Amino acid sequence: MKSILRRTSILLTIMPCLFIFSSAAQADTGQSEGFWGSWLDKVSEIQSQQPHWITPLVTVTPRLEQEVRYDQMWESSAGNKNLDSNGGGKGIEFIPLENTEVIVGVPAYQTRNKPKGEDGFADENFLLKYRLLSANEENGNYILTAFLGVSAPTGENHNSADHEVTTPTLAFGKGWGNFDIQDTLGVQIPDNGSSPIGSGTPVVSNTAFQYKIGKYLWPELEFDYTYWPNGTRAHINQLYVTPGIVLGKIPFGKRLGATVGIGCQIAATQKSQYNHNVVLSVRVPF
């Protein structure tokens, strides 16, 4: 059953990619007409009503974005245990309706140096964004967005949470000139609730501070905080500090572009699940 769900989720990601890249390529040559042309024009109008910051490395931006994204993560933890996350659970992000974004993730393929035999796909995930308030740089430079994330237990070989997880989140951002803050606050709710032998219902907060230098350079500092009120990690706090830099959006057409970022998540608290997690993010906005 998990194998069928994984194949279905990958297919659901690939099909929109083919349609979207076809329409974006046509828009670059001025040939996009009809439904696709009208849709892309509407997307441009929707995005013009919000700030034009860059998407951070770890923090999910409150802005509505259209892009294909691939993340690569190299994690290290106690006991010389290393985990590589190929894809990082990212995928395609698109704006189907006014004030709305949908993210369809592709399950990450995770590899470990030890223990052996635990390589495999992680869980499938989806995210729905609804923009509540926004103003571009000329009209206030702020945004407020509600998220609803869902993770399905499709993973294999100890790479799954083994439960469906729903994550309601509130995200906001504010900019002042070339400086901006983007923040999210949410709670992860598995379908087994706050079971003392499960993952519990951790509260998760991510904050990114960014400053734009020149046309394309965005140095940043992110703080990723988690608190477990219950579950197997009850009453544990976890904080990561992530210095990084993002380059983009570099255009190579009327709509298409490229964005690349790199950073390192450094554990600032004891009992952290990993340390010195290197993050590489490659996106193609459209």
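The values are calculated or read from the model by the stated rules, or taken from the named source; none is laboratory data. Bear in mind the structure is a predicted one, so any value in this text is a computation, not a measurement. Please note: Cβ atoms are built from the backbone with ideal geometry, for glycine as well, and neighbour counts cover all protein chains shown. When the accessible area is computed, the model is the full protein with side chains, heavy atoms only, and any ligands, DNA or RNA have been set aside. Shrake-Rupley method; radii C 1.70, N 1.55, O 1.52, S 1.80 Å.
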Given Lys129/Lys174; Lys129/Lys212; Lys116/Lys271; Lys42/Lys215; Lys215/Lys254; Lys42/Lys129, the pairs whose alpha carbons are separated by over 21 Å
Lys129/Lys212; Lys116/Lys271; Lys42/Lys215
What list of ³J(HN,Hα) couplings, whole Hz, do you get for region 91-107 from phi and the Karplus terms 6.51, -1.76, 1.60, once you set θ to phi - 60° and write x for glycine and proline?
x, 10, 10, 8, 10, x, 9, 3, 6, 10, 10, 10, 10, 10, x, 9, x
With +1 on each Lys and Arg Cβ and -1 on each Asp and Glu Cβ, and nothing else charged, work out how big the dipole of the chain is about its Cα centre, in Debye to the nearest 20.
440
Between Thr232 and Glu45, the FRET efficiency computed from the C-beta separation at R0 = 45 Å comes out, to the nearest 0.05, as 0.45
Work out how much length Asn192 to Glu98 would gain on full extension: take 0.36 nm times their residue separation and subtract the Cα-Cα distance, in nm to one decimal.
30.4 nm
Lys/Arg +1, Asp/Glu -1 at C-beta; the chain dipole; positive extreme among Ile103, Leu185, Leu57:
Leu57
Heads up, I need the accessible area for Ile262: 1.4 angstrom probe, whole protein in place, Å², nearest 10.
80
If you plug each phi of region 215-222 into the Karplus form 6.51 cos²θ - 1.76 cosθ + 1.60 with θ = phi - 60°, what whole-Hz ³J(HN,Hα) values come out, in order, with x for Gly and Pro?
8, 10, 9, 10, x, 8, 9, 10
Run the numbers for Asn113 and Ile245: contour at 0.36 nm per residue of separation, minus the present Cα-Cα distance, in nm.
44.7 nm
Residue (of Phe252, Asn237, His163) at the positive-pole extreme of the chain, dipole from beta-carbon charges
Asn237
If one computes P(r) from the Cα atoms of the chain, what percent of pairs lie at distances over 26 Å?
44
Short version: ³J(HN,Hα) in whole Hz for each residue of region 163-170, in order, from phi by Karplus 6.51 cos²θ - 1.76 cosθ + 1.60 (θ = phi - 60°), x for Gly and Pro, what are they?
8, 5, 10, 10, 10, x, 9, 10
Roll a 1.4 angstrom probe over the protein heavy atoms and tell me the percent of accessible area of the chain that is carbon or sulfur.
63
Which whole-number value in Å² is the accessible area per residue of region 204-261, probe 1.4 Å?
47
Using a Förster radius of 41 Å, what is the FRET efficiency between Leu170 and Ser77 based on their Cβ-Cβ separation? Nearest 0.05, please.
0.85
Counting sequence-distant residues (5 or more places) and residues on other chains, those with an amide H built under 5 Å from that of Leu132 are Leu144, Thr145, Ala146
